[in-house]
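The values are calculated or read from the model by the stated rules, or taken from the named source; none is laboratory data. What you see is a predicted model; the values in this text were computed from it and never measured. Virtual Cβ from ideal backbone geometry, glycine too; neighbours counted across all protein chains shown.
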């Protein structure tokens, strides 16, 4: 049919939802934005709600892949975050719009909770790589809450430098947490050695 038509239509829906609001996402508007027939929109998605949900999921998956929340060390944590939210603001806006619609009962909440769980899981993986134990993931959830707020602030202040400074502070806090975890491990090792004597 049309190569990459589905992805082109989703990107068009993301752009329209971000710049005009999700209520402006229609078969006709998406088809026109993509330069494709609006009948293709109906063919690929079947309903407006499916289109919005899949556009949200596409934006979220791309952000999750680009931001670098799963990292081997503190220095590389969130390495792609500022670039992603600066260069692709439409993707953040559709995610916030979708979240607000879901919270108000105007859309499904499950894709939002799945996305949040995915982000928290990535951060939890980073904490594990840093040697920080986080049973139940409350620390990962806290770090994600800070990042989520930072992304929202970035859309208000529109300053990559400001966002990078705040992200650097968050990395500094994670270094302190990592240092405390290492100190606790060393103290436990000494205790274990004394018990064995």
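Go through the residues of segment 152-162 one by one and say whether even a single one is within 23 Å of residue 72 (Cβ to Cβ) and touching a helix residue (DSSP H, G or I) at 6+ places or on another chain (Cβ under 9 Å). No, segment 152-162 contains no residue that is within 23 Å of residue 72 (Cβ to Cβ) and touching a helix residue (DSSP H, G or I) at 6+ places or on another chain (Cβ under 9 Å).
Taken as a whole, the structure leaves residue 128 outside the set of residues that are surrounded by 14 or more Cβ atoms within 10 Å (Cβ to Cβ), over 14 Å from the mean Cα position of the chain (by Cα) and either assigned to a helix (DSSP H, G or I) or not assigned by TED's automatic domain parsing to the domain that holds residue 28 (or both).
Somewhere in segment 40-59, is a residue under 27 Å from residue 165 (Cβ atoms), assigned by TED's automatic domain parsing to the domain that holds residue 144 and either modelled with pLDDT under 95 or assigned to a helix (DSSP H, G or I) (or both)? Yes, segment 40-59 has at least one match.
Being in contact with a helix residue (DSSP H, G or I) (Cβ under 6 Å, 6 or more places away or on another chain), crowded, with 19+ Cβ neighbours inside 10 Å, in contact (Cβ under 8 Å) with a residue 12 or more places away in the chain and within 16 Å of residue 102 (Cβ to Cβ): is that true of residue 34 here? Judged against the criteria, residue 34 is not a match. Considering (1) under 19 Å from residue 90 (Cα atoms); (2) surrounded by fewer than 16 Cβ atoms within 10 Å (Cβ to Cβ), the lone condition that residue 39 does not fulfil carries the number (1). Restricting attention to segment 47-63, which residues are surrounded by 17 or more Cβ atoms within 10 Å (Cβ to Cβ) and under 10 Å from the mean Cα position of the chain (by Cα)? Result: 59, 60, 63. Among the residues of segment 1-21, count how many are part of a loop (DSSP other than H, G, I, E, B) and under 16 Å from residue 38 (Cβ atoms). Number of matching residues: 2.
Among the residues of segment 20-39, the ones that are over 24 Å from residue 147 (Cβ atoms) and either in the same structural domain as residue 99 (by TED's automatic domain parsing) or under 20 Å from the mean Cα position of the chain (by Cα) (or both) come to 1 in all. Within segment 72-98, being surrounded by 19 or more Cβ atoms within 10 Å (Cβ to Cβ) and part of a helix (DSSP H, G or I) holds for 81, 82, 84, 85, 91, 92, 93, 94, 95, 97, 98.
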